[in-house]
Amino acid sequence: MNKQVLLGVCGSIAAYKAADIARGLMREGLNVRVVMTTHAMQMIAPATFAALTGNPVLIDAFDEPVAGQIAHIQWAQEADLILIAPATAHTLAKLAHGLADDMLTTLALATTAPLYIAPAMNPAMWSHPATQHNVQILTERGAQFIPPAFGIMACGDEGWGKLAEVEAIVQHVAGAVLCPKDLQEVRVLITAGPTYEPIDPVRFVGNRSSGKMGYAIAQAARERGAEVTLISGPVSLPAPAGVEVIFTQTADQMLTAVQSHFEACDVFVAAAAVADYKPAQPLSSKRKRDSKLWALEMVPNPDIVATVAAHKGNRYIVGFAAETDKVVENALHKLKKKGLDLIAANDVSAPGRGFEVDTNQLTLFFANGIARELPLMSKRETAHALWDAILEGRHAK
Ligand code: PMT
């Protein structure tokens, strides 16, 4: 039987996007049942969702589409996941405090299914301490937030409050429902993104890493039930739901953050593109332009993954090798030199893979000599294939 997603739709201007969310979830093979608030009906008609999903749409707590069944219990028990998208400040407040004055909030109280929330509201409402406190209450209770994006609102205000991208919501929720829960009780530490090494207060040495690969690895691990800590360089990606994110700028800061979380992890995945060198003496004030040659003296950064792998104990350590030539040779050298259990060789010179893009193609090399070539696919699919390999590698170790 298809997995059930209960889609809660609230009275935000973004409510019309819930129709595309419903269609996207159905495209992924999920059965979708929609519950709307009365305010949502000001924005989009229940008939739209009924026609799209082939299921009745519930609104009032006493709606009973099937005689003899108590809908708010039946639907609550049959749901594999509840997604509220868009979620308004008012509904967040009700959920945080256990109010149940309509079908959506009643169902949310009556279910044990995981709760995913994609808020959408004016930036001032989103950043209001009351809303943020409610978000904190719900997060501590295990709700997974798909955070709002930055942009211009219907009212003309600019800020954080736009509903996250429809496709991102669909992928997130479909991934969470459909993937195996084979990382439960596994504690995972991941690095992602670039490091920025200061030259002066306004300039830095960095690289093209967007963080997409590392964030996808973190999200996939979370979906599979892991407890995830992500040490991120400077990126402009939303934090994956349910993942603890620690932001760093430089390789030295990233090393410190990794060292303080390494002890508590079972698996460490080093996906960050750490700058190998940093300016020897960063300037304390901005260097002014002149016509002279400017030579920058660089010194090596610490090797983060090699530093912690030297004391790895039973932990499983995974590295990446971003290469433009002699890909296999260089990857195998790094596997050994850095003390890794698995390395993902990433030919970053080929189109559609490596930095910034949404796809990747990796060849995995295990320390026992086995190799596995993954196809070119989305970073999300790549991340899941990497976790499949890590689980096999851990099992065989
Ligand atoms: O972020 P995206 O835009 O999605 O791009 C993804 C990616 C190309 C950055 C990613 O897939 C990738 O290949 N990451 C590793 C990049 C890298 O720094 O490779 P490397 O070959 O220089 O380093 C080898 C390994 O040592 C890596 O695991 C790296 O995290 C680690 N390292 C490197 C240097 C250093 N000082 N400390 C480290 O821990």
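The values are calculated or read from the model by the stated rules, or taken from the named source; none is laboratory data. It should be emphasised that the depicted structure is a prediction, and the values quoted were computed from it without experimental measurement. Note that each Cβ is placed from the backbone with ideal geometry, even for glycine, and that neighbours are counted across all protein chains shown. Remember, those area values only see protein heavy atoms, side chains included, never the ligands or the DNA or RNA. Shrake-Rupley method; radii C 1.70, N 1.55, O 1.52, S 1.80 Å.
Dividing the mean sequence gap of close Cα pairs (under 8 Å, 6+ apart) by how many residues the chain holds gives a relative contact order of 11 percent. Computed with a 1.4 Å probe on the full set of protein chains, the accessible area for residue 308 sits at about 10 Å². Only alpha carbons enter this Debye calculation for the range 4-178, each as an equal point scatterer, and the log10 of I(q)/I(0) it gives at q = 0.14, 0.17 Å⁻¹ is -0.66, -1.01.
Accessible surface for the range 233-378, divided over its residues, is 55 Å² per residue with a 1.4 Å probe.
How much length is gained if the chain between residue 314 and residue 333 is pulled fully straight, taking 0.36 nm per residue apart and subtracting their Cα-Cα distance, in nm to one decimal?
Extra length available between residue 314 and residue 333 comes to 4.6 nm.
The Cα center of the range 131-177 and the Cα center of the range 59-119 differ in position by 18 Å.
Modelled this way, with points 7 Å down the Cα-to-C-beta line, the labels at residue 296 and residue 182 are 4.3 nm from one another.
Put the Cα centre of the range 257-281 next to the Cα centre of the range 346-376 and the gap is 21 Å.
Here the contact order of the range 39-181, divided by its residue count and restricted to Cα pairs under 8 Å and six or more residues apart, works out to 20 percent.
In the chain, the DSSP beta bridges split such that about 30 percent are antiparallel, to the nearest 5. Between residue 77 and residue 39, the FRET efficiency from the beta-carbon distance, with R0 = 30 Å, is close to 0.70.
Once the Cα atoms are used to define both axes, helix 212-223 deviates from the longest principal axis of the chain by about 50 degrees. Excluding ligands, DNA and RNA, the accessible surface per residue across the range 55-198 is 44 Å² with a 1.4 Å probe.
Rounded to the nearest 10 degrees, the angle from helix 17-27 to the longest Cα principal axis of the chain is 80 degrees. Kindly report, to the nearest 10 Å², the accessible surface of residue 205 as traced by a 1.4 Å probe over protein heavy atoms only. It works out to around 40 Å². Counting 0.36 nm for each residue step from residue 200 to residue 48 and taking away their Cα separation leaves a gain of 49.1 nm.
Excluding same-chain pairs closer than 8 in sequence, count the lysine pairs in the range 250-397 whose Cα atoms lie under 15 Å apart.
Pairs that pass both the separation and distance tests number 5.
What is the angle, in °, between the Cα long axis of helix 129-140 and the longest principal axis of the Cα atoms in the chain? Nearest 10 is fine, range 0 to 90. For 129-140 against the chain, the angle is about 80 degrees. Give the carbon-plus-sulfur fraction of the accessible surface of the chain in %, rounded to a whole number; probe 1.4 Å, heavy atoms of protein chains only. The value for the chain is 54 percent carbon and sulfur by accessible area.
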